[in-house]
Amino acid sequence: MLRIERRYQFIACGSSGKWNAKGWMTMKKIIQFFKDSYGELRKVVWPSREDVIASTKVVVVSTFIFAVVLGFVDFLAVWGIDFLF
């Protein structure tokens, strides 16, 4: 058991030195990571509700138009193959 533990520690520690002896990051670094992440999220400029609704409308309408065009091309392809054979 001790042998497996040492092998695991060797793999986990690597050469970077960022891991402690047990192979886990220290709790202080984890807490700092979440604090930094929260700070970065507060800097984000989120879109307004109206912007999101307008973007959603554009996506839905363009998807519908694209579906109609592809359906028409498919119809023409099937009609052309049926006409030839």
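Every number in this text was worked out from the coordinates using simple rules, so none of it is lab data. Since the model is a prediction, treat every value here as computed from it, not as a measurement. Don't worry about glycine lacking a Cβ; one is built from the backbone with ideal geometry, like all the others, and counts go over all protein chains shown.
If the segment from V78 to K57 were pulled out straight at 0.36 nm per residue, it would be longer than the present Cα-Cα gap by 4.4 nm.
Listed values for the stretch 41-56 are Karplus-derived 3J(HN,Hα) couplings in whole Hz (6.51 cos²θ - 1.76 cosθ + 1.60, θ = phi - 60°), namely 5, 6, 7, 5, 8, 7, x, 6, 4, 5, 5, 5, 5, 5, 5, 5, and x replaces Gly and Pro. Our estimate of slack between F34 and E50, defined as 0.36 nm per intervening residue step minus the Cα-Cα distance, is 2.7 nm.
Placing a pseudo-label 7 Å from each Cα along the Cα-to-Cβ vector at L41 and L70 gives an inter-label distance of 3.4 nm.
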